[in-house]
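Worksheet: the structure to be examined is printed underneath.
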Amino acid sequence: MAILNAQENIETSTIWASDVQLCQRYGVSRCTVWRWAKEGRLPPPVKIGPSITRWRLSEVIEKLER
């Protein structure tokens, strides 16, 4: 999977990121991503299918990078 990087000219509000993609972006394990979500360090994930959970990348960036 590709590592997601925010770029000034790309609107990230509609980009969905998986836990694996967030792991790659922030250099942490999947357990850490889910722990951050549980602790409220990440916005709540969105269930977009029976076995598909994603985060809005713009919300993650807002929480972790600003």
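The values are calculated or read from the model by the stated rules, or taken from the named source; none is laboratory data. Owing to the predicted nature of the structure, the values given are computational and were not obtained by experimental measurement. Methodologically, a virtual Cβ is constructed for each residue, glycine included, from the backbone with ideal geometry; neighbour enumeration extends over all protein chains shown.
Below, the figures for the structure above:
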{"quantity": "Which numbered condition ALA37 misses (of (1) surrounded by 10 or more Cβ atoms within 10 Å (Cβ to Cβ); (2) modelled with pLDDT under 95)", "calculated": "(2)"}
{"quantity": "When residues of the stretch 45-66 are limited to those that are closer than 16 Å to VAL20 by Cα and not β-branched (Val, Ile, Thr), the one surrounded by the fewest Cβ atoms within 10 Å (Cβ to Cβ)", "calculated": "SER51"}
{"quantity": "Extreme residue, farthest from ILE15 (Cα to Cα), among residues of the stretch 37-63 that are touching a helix residue (DSSP H, G or I) at 6+ places or on another chain (Cβ under 8 Å) and part of a strand (DSSP E or B)", "calculated": "THR53"}
